[in-house]
Amino acid sequence: MLPKYLTFLFLVLVSVLAEEKDVVELTDETFSHELERLENTLVMFYAPWCGHCKRLKPEYAKAAEMLLGNDPPITLAKVDCTEGGKETCNKYSVSGYPTLKIFSRGDVVSDYNGPREAAGIAKYMKAQAGPASKELTNENDLKSFLESDEVGIVGFFEKEDSSLATSFHAVSKKLKEKVRFAHTTAKALMEKEGYKNTLVLYRPKILQNKFEPNTVKHTGGDSISDIQEFINKNYFGIAGIRTRDNAAEFKNPLVVCYYAVDYVKNPKGTNYWRNRIIKVAKDFPKLNFAISSKDDYQHELNDFGIDFVKGDKPVVLARNANNQKFVMKDEFSVEAFEAFLKDLEAGALEPYLKSEPIPDDNTGNVKVAVARNFDELVTNNDKDVLIEFYAPWCGHCKKLAPIYDELGEKLANEDVEIVKFDATANDVPAPYDVKGFPTLYWTPKNSKNNPVKYEGGRTLDDFIKYIAKHATDELKGFDRKGKPVKPKSDEL
């Protein structure tokens, strides 16, 4: 009898192999031959040691399984660039891992820039392989199209060349990687469905509920912008499923409910809470709502000061139109949720601010700003300010630190404040936009609401020349070109 740990390892190995059975392994010897016979193929060029590859592999395998039997056929394949696929990876100029490319009969169609989750990968590839909009000729075609867990948009047209149909097809080509489209000119199907010369949004059965209609009819204009507005307004419904791939499509003011969202393993439990959320949310049309997996969004929970979500009930977090953050402190219930939303709309809630403590001693030449003292040190300061947003782990920031300290020393007696701000431990206030480190901004004392991103060099001389040129009042120790000037007391 195998020891327990060996049994466990065996089961894990079997599980991994089973997960990847639908992904085709290609080598230098098989690559060209296999791809030439395959109609549509997504190829992942990877290295076994690559962390990003390891994270992608299970999602990639799930996507391959989801695409089995697709019409037209879509194959997911992989090439190990460190072993049997070195020549192939060199041929296609693979320089980083994972690199994904779309092929058709052996020819490269394009680089893959789509989602990295199973459902998103499958959806993206279906859009790439098939027409932007599927033509429906009869009732069975429509039934087949609607047998999906995703929203579908169907155009019912008496004439294929009508202005509405033309705009519809233009939108379908533009949004085919995100939205499923179909259309029909079949008279019998239009009579059966009761729609003519219009568009209809169909919600999948898994997302249907008693608080919103299962279908939404387009009643607006025929233009491309009219159709896009219709889709944007109705696609997610009252509370959309927010994932890492579509998160950017949810706009403020936004209320997000985090819990164990899983429509694969537990759709009933997922909808139990979603329906309660929708029951309340339907009465707050000025707010946008979403549900998100607490496991996928632990980083967002951390940004609101939540380290761990206990129990099954949703945790509710919100951002208003000004991107201020709010936490529902009470345990979730329909009543508590409704009270929270009323207070949110009324502006009666205290915003949550992620902030380090204000330093006890902040007398250095480089001042330390945190979220709680930012207004005092930067916004309401009667000096010009150069502020660095940094991350403690950032190599470029560490290299800049001694130069920045020296800059603070050089300008200690000037009407300029040199400030640093740890953007990983504090909320970055608007209108500052920080996407990488270090990011520096110049904030003139008479224009605090319009900071200017510093794009200059990072030597001491570069900083001094910039500040000397842009300072509201001419510096005492440097002329406008950044050259040192003697104090007046030293002059003869």
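The values are calculated or read from the model by the stated rules, or taken from the named source; none is laboratory data. None of the values given here were measured: they were computed from a predicted structure. Positions of Cβ are generated from backbone atoms using ideal geometry, with glycine treated the same way; all protein chains shown enter the neighbour counts. With ligands, DNA and RNA removed, areas are computed over all heavy atoms of the protein, side chains included. Shrake-Rupley method; radii C 1.70, N 1.55, O 1.52, S 1.80 Å.
On the protein heavy atoms, probe 1.4 angstrom, tell me the percent of accessible surface of region 101-212 carried by carbon and sulfur. List each step's numbers first, then the result.
Numbers: 2490 of 5560 Å².
Ligands and nucleic acids excluded, carbon and sulfur give 45 percent.
Computing the accessible area with a 1.4 Å probe over protein heavy atoms, can you report the carbon and sulfur percentage for region 52-92? Don't jump to the answer; show the numbers that get you there.
Values: 1020 of 2180 Å².
In region 52-92, the share of accessible area belonging to carbon and sulfur is 47 percent.
Counting only Cβ charges, +1 for Lys and Arg and -1 for Asp and Glu, the dipole size of region 252-355 around its Cα centre is about 280 debye. Solvent-accessible area of region 280-341 (1.4 angstrom probe, protein heavy atoms only): carbon and sulfur portion equals 44 percent.
Calculate for the chain the 222 nm mean residue ellipticity that helices alone would give, adding -39,500 (n - 2.57) per DSSP H run of length 4 or more and normalising by residue count, nearest 500 deg cm²/dmol.
On the way: 14 runs with 157 residues, N = 492.
Computed ellipticity for the chain at 222 nm equals -9500 deg cm²/dmol.
Roughly how many debye, to the nearest 20, is the charge dipole of region 316-454 about its Cα centre, given +1 on each Lys and Arg Cβ, -1 on each Asp and Glu Cβ, and no other charges? It would help to have the intermediate numbers written out before the result.
Numbers: 16 positive and 24 negative charges, 113 e Å.
In debye, rounded to 20, region 316-454 gives about 540.
Checking every one of the trypsin sites (Lys or Arg not before Pro) in region 105-202 against DSSP loop status and a limit of 13 other Cβ atoms within 10 Å picks out Arg105, Lys159, Lys196.
The relative contact order of region 334-427 comes to 38 percent, based on Cα pairs under 8 Å that sit 6 or more residues apart.
Which whole-number percent of Cα pairs in the chain have a distance greater than 32 Å? Write down the numbers at each step before the final one.
Numbers: 71806 of 120786 pairs.
Every Cα pair in the chain considered, those over 32 Å come to 59 percent.
Per residue, the average separation of C-alpha pairs within less than 8 Å and at least 6 apart gives region 253-324 a relative contact order of 55 percent.
Could you sort 58-68, 398-408 so that the peptide with the highest average Cβ count within 10 Å comes first and the rest follow in order?
So the peptides 58-68, 398-408, ranked by packing, come out 58-68, 398-408.
Cysteine residues of the chain whose Cβ has no partner cysteine Cβ closer than 4.7 Å: Cys257. Using a Debye calculation, one point per C-alpha and no hydration shell, please list log10 I(q)/I(0) for region 234-392 at q = 0.10, 0.11 Å⁻¹ in order. Here log10 of I(q) over I(0) equals -0.45, -0.53. Positive contributions from Lys and Arg (+1) and negative ones from Asp and Glu (-1), summed over other residues with Cβ under 15 Å from the Cβ of Val315, come out at +1.
Using the reciprocal of the averaged 1/r over all distinct C-alpha pairs, how large is the Kirkwood radius of region 305-393 in Å?
Details: mean 1/r = 0.0620 Å⁻¹.
Its Kirkwood hydrodynamic radius stands at 16.1 Å.
Scanning residues 5 or more positions from Thr75 or on other chains, those with amide H under 5 Å from its amide H are Asn40, Thr41, Leu42, with H placed 1.01 Å from N in the peptide plane.
If you put +1 on each Lys and Arg Cβ and -1 on each Asp and Glu Cβ, how big is the dipole of the chain around its Cα centre, in Debye rounded to 20?
Numbers: 69 positive and 76 negative charges, 137 e Å.
It comes to approximately 660 debye.
Each of Ala321, Gly106, Val280 was scored by the projection of its Cα onto the charge dipole of the chain, and the greatest displacement toward the positive side belongs to Val280; charges sit on the C-beta of Lys, Arg, Asp and Glu.
Region 150-165 and region 382-434 have their alpha-carbon centroids 55 Å apart.
Rounded to the nearest whole Å², what accessible area per residue is found for the chain with the 1.4 Å probe? Don't jump to the answer; show the numbers that get you there.
Numbers: 27140 Å² over 492 residues.
Computed with neighbouring chains in place, this is 55 Å² per residue.
Residues whose amide H lies under 5 Å from that of Phe289, counting only those 5 or more places away or on a different chain, are Gly240, Val255; hydrogens are built 1.01 Å from N in the peptide plane. The relative contact order of region 408-492, computed from alpha carbon pairs under 8 Å that lie at least 6 residues apart in sequence, is 20 percent. Each residue of region 423-435 was assigned a 3J(HN,Hα) from its phi angle through the Karplus curve 6.51 cos²θ - 1.76 cosθ + 1.60 (θ = phi - 60°); the sequence is 6, 8, 10, 9, 5, 7, x, 6, x, 6, 10, 10, 10 Hz, with glycine and proline shown as x.
Whole angstrom only: what separates the Cα centroid of region 74-140 from the Cα centroid of region 179-233? The distance from the Cα centre of region 74-140 to that of region 179-233 comes to 30 Å.
Accessible area ranking (1.4 Å probe, heavy atoms, ligands and nucleic acids excluded), largest first, for Trp49, Trp273: Trp49, Trp273.
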